[in-house]
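Structure record follows, encoded as structure tokens.
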């Protein structure tokens, strides 16, 4: 299914969901049942064949055919059961106690009664600008279910008591409407499919095709149906929240969030690091955010709000855009007056303690990185001043000067530098990003659109990663200027390229023995730095590095780092694998664009990699390993 077909189907289904929500919800439940039923049918079949094989062997009819059927059906049954019985962990964060926020617990209880919501088992605070509800089962579809409410400290700091109450009513409405329970089933189904296919393909199991063919047909349609339902559920939750609070409170919460959230994620931390660099102080992000948000100037707030109002509802997010949500509530699109007291101060007995605890946790977790960030900031600013005070002519310095000018001044101030780069060095592929930026500028200001189009096309020819953003910019320009033929042509090209990138991403995700591997072309300095990192892990006895050639995007670089491990006797590799991969991915950062693969249980893949000349880059002797 192409993106255009998916979008057309979703638009059609959204109308059905809006016209008859109950009937549509029933269709989604039946579709979800079909997905579970397909897997359950083959599980039952495999278990039956396995039982017959065991019975025949026990009866004395021992043949190699019976043994093969037993091994095959037993293995497939194991992978299916393991995929279905998926442990679900409770969310990380600060588990709030009633005595710490009695007013908050009381307000939730009041909303729960009005919305007929089941009890909330846990309230968890985290550092995200968000609020959400989840229904956690111990093992996938099995085990006791617990309703968990997750609240971000930045959200509590940004909204007033009334606005935050509306947000919580929205989240509780999802449970009241059974959105959370059905959403959890849908989530578990998707996760189960992913785990099942990954396990079968990773272990090269016969029978993978049985599930892959079905999922390739079923998943896009299931995704479209559930997407349309999730979009409708957001509108329903908004209406429910407005009914138990007020449309004005819900609208104000959406408006304030549309300013505070992008500020928190885009600009707040850079401003915080800049101030800490000047004052040589320790960052206190959660205290500082509340203060800086209150002092955010009206012009900046209006820009954020205007940007959010101009956004449309896209197929990448089940949440409707701000404009559509405010329109559905029947409230005016405007920013409310700023409230002096935040929801955190209103609902918590000792808000200062909570903020202080989160500040301390942030400093403990980031104690190395924030100091490095501040050092980098100071060095970058010093370098910016140095470059600003002299005439630069080399491409390297011009690119650096342009980047630092955007960071410490503005894009407008950097445009003359980008123009100089384009004029003098447009033939150099290293200018791709600069050419795209300048082309975007010309299209946005309509000062030289033809030149902008030319620059964007040149940038896309230099770097495959710029084709998606480049085509997206051209689509937007042709659409806004009503050049319909060019818009349709470019949109089709964009959709084709999206499909190619998706295919390439799938190539990256799955490393198979049949892949086309070649000798790596990494620089010697990078290899030596990577070997130094490999030596930190005494269990890595050998390491191999090859390049994987992509059929979809041949110029895309992906390398495979295969590792042979010597683990303590009795170690279950399957259980230890996730932790090992996390450790190696975090600890082997010198290897860029590289997938790390443990080869101990992948004999065919190991053979394929060993066939490549000079693939081995690291080895330790028995003596080194013992030491």
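The values are calculated or read from the model by the stated rules, or taken from the named source; none is laboratory data. In this text, all values refer to a predicted model and were calculated from it rather than measured experimentally. No Cβ is skipped: glycine too gets one built from the backbone with ideal geometry, and neighbour counts run over all protein chains shown.
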Practice task
Scan region 28-37 and give yes if some residue there is under 36 Å from the mean Cα position of the chain (by Cα), part of a helix (DSSP H, G or I), assigned by TED's automatic domain parsing to the domain that holds residue 214 and closer than 30 Å to residue 491 by Cβ, otherwise no.
Solution key: yes
Completion exercise
By residue number, the members of region 267-318 that are surrounded by 13 or more Cβ atoms within 10 Å (Cβ to Cβ), closer than 30 Å to residue 8 by Cβ and at pLDDT below 80 are 313, 315, 317, 318
Exercise for the section: May I ask you to list the residues in region 142-189 that are out of contact with any helix residue (DSSP H, G or I) (no Cβ under 7 Å at 6 or more places or on another chain), at pLDDT 55 or above and over 17 Å from residue 125 (Cα atoms)? Expected result: 143, 144, 145, 175, 178
Problem - Out of 54, 85, sole residue that is at pLDDT below 85, touching a strand residue (DSSP E or B) at 6+ places or on another chain (Cβ under 6 Å) and surrounded by fewer than 18 Cβ atoms within 10 Å (Cβ to Cβ) - result: 85
Handout entry: From 76, 41, 71, residue being touching a residue at least 12 places away in the same chain (Cβ under 8 Å) and either assigned to a helix (DSSP H, G or I) or out of contact with any helix residue (DSSP H, G or I) (no Cβ under 8 Å at 6 or more places or on another chain) (or both)
Key = 76
Practice task
Within region 90-107, work out how many residues are more than 18 Å from residue 172 (Cβ to Cβ), touching a strand residue (DSSP E or B) at 6+ places or on another chain (Cβ under 8 Å) and assigned to a loop (DSSP other than H, G, I, E, B).
Solution key: 3
Completion exercise
Among the residues of region 534-551, the number that are within 14 Å of residue 504 (Cβ to Cβ) and over 28 Å from the mean Cα position of the chain (by Cα) is 0
Fill in the blank from the handout: Taking first residues from region 571-584 that are in contact (Cβ under 8 Å) with a residue 40 or more places away in the chain and second residues anywhere that are outside any helix (DSSP H, G or I), the pairs with Cβ under 9 Å that are 6 or more apart or on different chains are 583/537; 584/537; 584/540; 584/561; 584/563; 584/596; 584/598
Problem - residue 553 being touching a residue at least 12 places away in the same chain (Cβ under 8 Å) and closer than 23 Å to residue 587 by Cα - result: no
